[in-house]
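The values are calculated or read from the model by the stated rules, or taken from the named source; none is laboratory data. Here the structure is a predicted model, which means the values were calculated and not measured. A quick note on method: Cβ atoms are made from the backbone with ideal geometry, for glycine too, and the neighbour counts reach across all protein chains shown.
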RNA sequence: CGGGGCGUAGCGCAGCCUGGUAGCGCAUCUGCUUUGGGAGCAGAGGGCCGGGGGUUCGAAUCCCUCCGCCCCGACCA
């Protein structure tokens, strides 16, 4: 039995000024954590209890599909040099040297170590599949730690790794994780969505992120509940409503129009009396590309989109197979597009044949495909073209989806004619499952014998869950709902205690006895109970109980004389009188 | 790494511009009263004003420098 009077729960009346996001303020004010440095936190009693609730759930679900290991956090450089990541990890890796001068790093992820075990121990396909997981502290020298526990330099991660003999096996391991993750996040009380993620340049074949919508999040995602569509904005598409094309003027061929001072999309639309969607917008970039040898070069890229659309730079980067983008400066615009910003257009440009060729890469967004009689810049100050038809009047290096999907557009998988508006919002990533492929098995030389006695590389998957992010997301979620003026509370499954029994006046022997008895009863019934036996005024105890986010409170007060206590349910904001001997049953039913 | 802000008691802040050796609220401790939503009165303790250097008779205050933290951006297997 935990008695508040004996515990260290340093609640704060006011949040330290460093804290901005709701979860950060909560964690500090409720006495869950204290900060030691940028992105470095100590977990106090309540925080640690919550973390343990979370890891217990994670463990329980993971044990159904895999085996728990505990790998070192201190890792020799050698392994990372073998995988090639000693150099590619760059600044995000904490590095150190031992007394002999040997290089080491602090683990930020454990593909290398797991694969090292696999290569040394796994010999036969008969040993596969394997799913190995751990719950370990990870270290990442984040350029900018922020938002309390949301982005930190030291954090807990459940990471697992699967080894299979073939793609089918990997698919199964991946699906097992998918299901386990859904079970974990559901049990943790989170409203989450699994989104298609950009698997990056590493060539992973499939990847899903588990996200929780919250303003504190750092990613943008698009989803629609009805169709089940969900994707990171870097990957999201949408079905566009049809746009009426303009009727051609004159002979129907591109016609040069004098448009003095008309540069912005809105001005062009107004000048021609058209919709922005009937205009072509140009955004010009320089893209850094690297060849196989790792040599880098900057190539010019002109991106063309519907006037009312915006470029998704991740998509564009993927299309041109580049590593970095920056917008063109004036000189570069003059050199490659012969026109000033505001008057850029695709007509008459010498587009490279393929993205690997030299010269200007012209990338046209798929939404322009098949459109007719559009307006665009003429690459000449104060002039535009009308009657421009993609394909007839200009060519391109690549036609691809490079635009951002917008809020309210229909999900791409919605049946024709069915409205399925996308919800687009910020979200925090709480988990990620990823089909890795052969990258690490290859680099580190892991091999097993298959049914035919031939050496084969095991195919891998890796899967992560941010433990603290579950806590953070749950708090943000509760704060966002904003239904309780007394602040956020935690889902019962991950709250440090399920119930707090508040004795309104401990100097009243009868109340004290009743509270103690009730707390013991509830504990015997299997609940996690905190007994507030402090000699404080009732108001203080109510405020504290709410502040620390315990989802249920039982007030032991005057009504005890009649055999009743009050049960306050934070989730519904309701207070009910319940007979003393019926409390356990009542709480179970909630 | 670029831009901005901040650092004064445990927390929130004022004082700095215009130099004279530190103050308010909350919290803490003692006593009395109070006891269902952060009580009242009386009293008390607590600060190397982030560090170092400089200017000055004198620096929280002005100047230089370093450190730390927060926010925006860049970055983020």
Is there a residue being touching a strand residue (DSSP E or B) at 6+ places or on another chain (Cβ under 6 Å) and within 11 Å of RNA strand B (Cβ to nearest atom) anywhere in the stretch A:488-503? yes
Top-ranked residue of the stretch A:537-565 - restricted to ones that are more than 7 Å from RNA strand B (Cβ to nearest atom) and surrounded by fewer than 20 Cβ atoms within 10 Å (Cβ to Cβ), ranked as nearest to residue A:588 (Cα to Cα): A:564
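May I ask you to list the residues in the stretch A:118-142 that are part of a loop (DSSP other than H, G, I, E, B) and either under 25 Å from residue A:175 (Cβ atoms) or within 16 Å of RNA strand B (Cβ to nearest atom) (or both)? Steps first, please.
Taking the stretch A:118-142 and keeping what is part of a loop (DSSP other than H, G, I, E, B), we get A:122-123, A:128-129, A:140-142.
If the condition is that a residue be part of a loop (DSSP other than H, G, I, E, B) and either under 25 Å from residue A:175 (Cβ atoms) or within 16 Å of RNA strand B (Cβ to nearest atom) (or both), then A:122, A:128, A:129, A:140, A:141, A:142 are the ones that fit.
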So, residue A:556, is that one under 24 Å from residue A:5 (Cβ atoms) and touching a helix residue (DSSP H, G or I) at 6+ places or on another chain (Cβ under 6 Å) or not? yes
Which of the residues that make up the stretch A:223-280 are outside any loop (DSSP other than H, G, I, E, B) and within 21 Å of the chain's Cα centre (by Cα)? A:223, A:224, A:229, A:230, A:231, A:232
Within the stretch A:38-95, can you find the residues that are on the phi > 0 side of the Ramachandran plot and surrounded by fewer than 18 Cβ atoms within 10 Å (Cβ to Cβ)? A:84, A:90
Could you check how many residues of the stretch A:3-34 are buried (at least 18 other Cβ atoms within 10 Å of the Cβ) and either assigned by TED's automatic domain parsing to the domain that holds residue A:516 or in a strand (DSSP E or B) (or both)? 1
Got a sec? Which of A:115, A:109 is part of a loop (DSSP other than H, G, I, E, B) and either in the same structural domain as residue A:448 (by TED's automatic domain parsing) or at negative phi (or both)? A:109
When the stretch A:212-222 is checked residue by residue, the ones that are in contact with a helix residue (DSSP H, G or I) (Cβ under 9 Å, 6 or more places away or on another chain) and either within 18 Å of residue A:405 (Cα to Cα) or not in a loop (DSSP other than H, G, I, E, B) (or both) are A:212, A:213
Quick check on this structure: which one of A:101, A:107 is within 16 Å of RNA strand B (Cβ to nearest atom) and free of Cβ contacts under 8 Å to residues at least 60 places away in the same chain? A:107
